[in-house]
Amino acid sequence: MIAKPFSPGNAFPADEVARERLSFDKALIGSCTNGSYGDLLQAALVLRGAREHGFSRVRREFTVFPGSGGVGRQIETPDPRLGGESIAQVFRTAGGEIRQSWCGPCFGQGPDSLKKGERAITSFNRNWQNRMGLGGEGYLASPAVVASSALIGYMAPPEELGLVWEAGRYGV
């Protein structure tokens, strides 16, 4: 699902939204809502699975905010589900940046908040008008959908990259 502005309830199936080819300026994952180790792992599984389809670098600005300092440390350790890479390594290899845990862009503060006319796909929990920055538009999705969108360049689910969910991971 992808929730369009300006309400979390304004949600549509991600494959339907993908047909609209909605572009965006920023892909933001994390926050208190979707910044757990498991949430970030789902996004990393998409990025790693997409490599097999030739999608190795994000096409849009991609920033990750771990849900806590502890999660920020955890994502630096290797995970066997990622072939021994760490979540952070997968994000960085794809062109993502990892920030400190904080709420800034979720409520329109700091350098990662949206500027007038900017659009973002995020795993944050709210997208009310001006919530993520004065004049910006926030679209809400799962970490996996945000990751696939960052790779493909428009809002789309992992299936748009040729990925399928099997045995606890995204693959070909």
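Database remark: amide H of Ile98 closer than 5 angstrom to the amide H of Val64 (H placed geometrically; neighbours at sequence offset of 5 or more, or on other chains; Pro and chain starts carry no H).
What net charge do the residues around Ser149 carry, taking every other residue with its C-beta under 10 Å from that of Ser149, with Lys and Arg at +1 and Asp and Glu at -1?
On the way: positive: Arg59, Arg60; negative: Glu160.
The answer is +1.
At 1.4 Å probe size, with the rest of the protein present, what percent of the exposed accessible area of the chain is carbon and sulfur atoms? C and S atoms contribute 49 percent here.
Amide H contacts for Arg119 (H built 1.01 Å from N in the peptide plane; partners 5 or more residues away or on another chain; cut-off under 5 Å): Asp25, Lys26, Glu137.
Provide the FRET efficiency to the nearest 0.05 for the Asn125-Asn10 pair, computing r from the beta carbons and using R0 = 22 Å. The value I calculate is 0.95. Net charge of the neighbourhood of Gly135, taken over other residues with C-beta under 10 Å away and scored Lys/Arg +1, Asp/Glu -1, is 0. How big is Rg to Rh over the range 75-135, alpha-carbon atoms, Rh as the Kirkwood inverse-mean-distance radius? Ratio of gyration radius to Kirkwood radius: 1.10.
Beyond 18 Å, what share of the Cα-Cα pairs of the range 15-69 is found? Please give it as a whole percent. Of the Cα pairs, 47 percent sit more than 18 Å apart. Multiplying the residue separation of Glu76 and Cys103 by 0.36 nm and removing their Cα-Cα distance gives an extension gain of 7.7 nm.
Kindly provide the trypsin sites (Lys or Arg not before Pro) of the range 28-121 that DSSP labels as loop, not H, G, I, E or B, and whose Cβ sees at most 16 other Cβ atoms within 10 Å. Before the final figure, lay out each step's value.
Details: sites: Arg48, Arg51, Arg57, Arg59, Arg60, Arg73, Arg81, Arg92, Arg99, Lys115, Lys116, Arg119; in loops: Arg57, Arg59, Arg60, Arg99, Lys115, Lys116.
Taking the range 28-121 and a limit of 16 other Cβ atoms within 10 Å, the loop trypsin sites (Lys or Arg not before Pro) found are Arg57, Arg59, Lys115, Lys116.
Using a 10 angstrom cutoff on alpha carbons, build the Gaussian network for the chain and name the most mobile of Phe107, Phe62, Phe124. Highest fluctuation of the listed residues: Phe107.
Solvent-accessible area per residue for the range 1-103 at a 1.4 Å probe radius, Å²? Let's see the in-between values first.
Numbers: 4860 Å² over 103 residues.
Normalised by residue count, the accessible surface of the range 1-103 is 47 Å².
The mean sequence separation of alpha-carbon pairs under 8 Å and at least six residues apart, normalised by the residue count of the chain, gives a relative contact order of 33 percent.
At q = 0.14, 0.16, 0.18 Å⁻¹ the log10 of I(q)/I(0) for the chain amounts to -0.63, -0.84, -1.07, computed by Debye summation with a single uniform scatterer per C-alpha, solvent ignored. Taking amide H positions as modeled 1.01 Å from N, with prolines and chain starts lacking one, the residues under 5 Å from Gly30 and 5 or more places away or on another chain are Phe65, Ser123. Here the Karplus relation 6.51 cos²θ - 1.76 cosθ + 1.60, evaluated at θ = phi - 60°, turns the backbone of the range 41-47 into coupling constants of 4, 4, 5, 5, 5, 5, 4 Hz, with x for every Gly and Pro.
Taking the DSSP beta bridges with both ends in the range 26-148, the antiparallel portion is around 5 percent.
The values are calculated or read from the model by the stated rules, or taken from the named source; none is laboratory data. The shown structure was predicted, so the numbers you read here are calculated from the model rather than taken from an experiment. We place every Cβ from the backbone using ideal geometry, glycine too, and count neighbours over all the protein chains shown. SASA here: full protein model, heavy atoms, side chains in, ligands and nucleic acids out. Shrake-Rupley method; radii C 1.70, N 1.55, O 1.52, S 1.80 Å.
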